[in-house]
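The values are calculated or read from the model by the stated rules, or taken from the named source; none is laboratory data. Keep in mind it's a predicted model, so treat the numbers as computed, not measured. Backbone-built Cβ (ideal geometry, glycine too); neighbour counts: all protein chains shown. Side chains are part of the model used for accessible areas, which takes the heavy atoms of the whole protein and leaves out ligands, DNA and RNA. Shrake-Rupley method; radii C 1.70, N 1.55, O 1.52, S 1.80 Å.
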Amino acid sequence: QLIFFGLSNQLVVSFKEENTVAFKHLFLKGYSGVDEDDYSCSIYTQQDAYDSIFYVINQYKQLKNISLGALGYEHEGSGLKICKQQYEKGTMLPSNGTLNIDVSTETECIFLKPQELASRKAELKLNSSFFNLEFYRLIQVEISFKLKGIALQTIHARELPDCYAFQNTVTFNNRAHSGKIKIYFDSNTDIEECKDWHIFGSVLQKNTQYILVFDGFVILSCFASLVLCTRSIVLALRLQKRFVNFFLEKYKRHVCHADRLEFINGWYVLVIISDVMTIIGSILKMEIKAKNLTSYDVCSILLGTSTLFVWVGVIRYLGYFQTYNVLILTMQASLPKVLRFCCCAGMIYLGYTFCGWIVLGPYHEKFEDLNTVAECLFSLVNGDDMFATFAQIQQKSMLVWMFSRLYLYSFISLFIYMILSLFIALITDSYDTIKKYQQSGFPVTDLHEFLKDRGNVGYRKERTSMPFMCCC
């Protein structure tokens, strides 16, 4: 079930990515095929700006004649929306440092329908004063349009095709007014249900029915597992309550938290979570297969996580062998210490993250935002990409360059030689403790002592009354 859905999800993602690349080549003039940093391409002259804007309009006009994909306009009422955002009127003379401008912005838009692009009305709009751009106060020009497409490659995988809606936006960003306009291309893809489709071929329909039946069998199996595990947890909680009350009445003592957790089987909790995710994911998968839903991402997260929990749950069977149970016991013993240690180390890590972002952000691409800084520092802790991080720092400011060396050397030395070593030492210490317990015996808790005593009493009573049954 998971393999079939994974293959189907790959087709969906690849179709989206390939269409995005195709749109960039179709609508961005001079696009090289490789994005420049976080934007697609850039322009440096006024003529390039006009050419790029009209290039998008012209390509949209001839889309059906030039595109290789199964694309079309959304509907008759849709079209090309062009908006420009700029500051209020003012004057600027950089030669003598004179600036008189109102920073409040104004936005002006025009709308071009596909059927009007070849008409006289469209020519008047394209030659209007709207396209006389005053670049000294221009903030951005945004061109947005919506296209429809159909993915036929799923038919080769014996699945019904999907219909797609592409919301494309081309943004000419001039906020910096640095002489460089960055062109961003953004494409938001939504999968929609095909309204009217007729596909001939019995193999495709039978394949869909067989998979839906199998999905139903998976749901029933997981539901039975869910009911049985839930029943076991409920009975265990009842037994725990009885034991706590008995211990309080008999010995006037409260049962410790560790003994209470002994009644709850953590593997059953893991199985319950996995079953719930599998049931919900299988229902979503059936709806997606029937083309009633398009939540591929949600379904993949549920099915993928549930499969992860299933494979982790296999370890419980290896736990019956003493030599294979060391991993689980070590993780249980070291987890509280590791979590407390990570809280302290995390404070230092956050400090380095904010410091690197503030100081090195303008000079190093790996420190441009907090998320990138955190990823860069984590890779450095694991010894990855060290030389490139040192080498890419720009030497435009000697003071910042010297600070970057002090920053990187101190971080790597502190986290690799000290914090990471202490982290490993905590786990090693727990492992050594577990090995000693396996040789000399684990500490006996109140619960284990109680069970041992009650078992001996019951054994003696049965032996005096029915020795034969006792032997059996």
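Summed over the stretch 220-268, residues that are assigned to a helix (DSSP H, G or I), open to solvent by 50 Å² or more (accessible area, probe 1.4 Å) and touching a helix residue (DSSP H, G or I) at 6+ places or on another chain (Cβ under 7 Å) total 5. For the stretch 363-376, a residue qualifies if it is within 16 Å of Ile412 (Cα to Cα) and in contact with a Lys or Arg (Cβ under 9 Å, 6 or more places away or on another chain), and the qualifying residues are Val373, Glu375, Cys376.
Could you tell me whether Ala333 is surrounded by 15 or more Cβ atoms within 10 Å (Cβ to Cβ), under 26 Å from the mean Cα position of the chain (by Cα) and outside the structural domain of Ile219 (by the TED database)? So Ala333 does not fit the description; no.
Counting only strands (runs of 3 or more DSSP E) that fall entirely inside the stretch 45-121 and contain at least 1 residues that are farther than 23 Å from Asn19 by Cβ, open to solvent by 50 Å² or more (accessible area, probe 1.4 Å) and modelled with pLDDT under 85, the qualifying elements are 80-93, 98-112.
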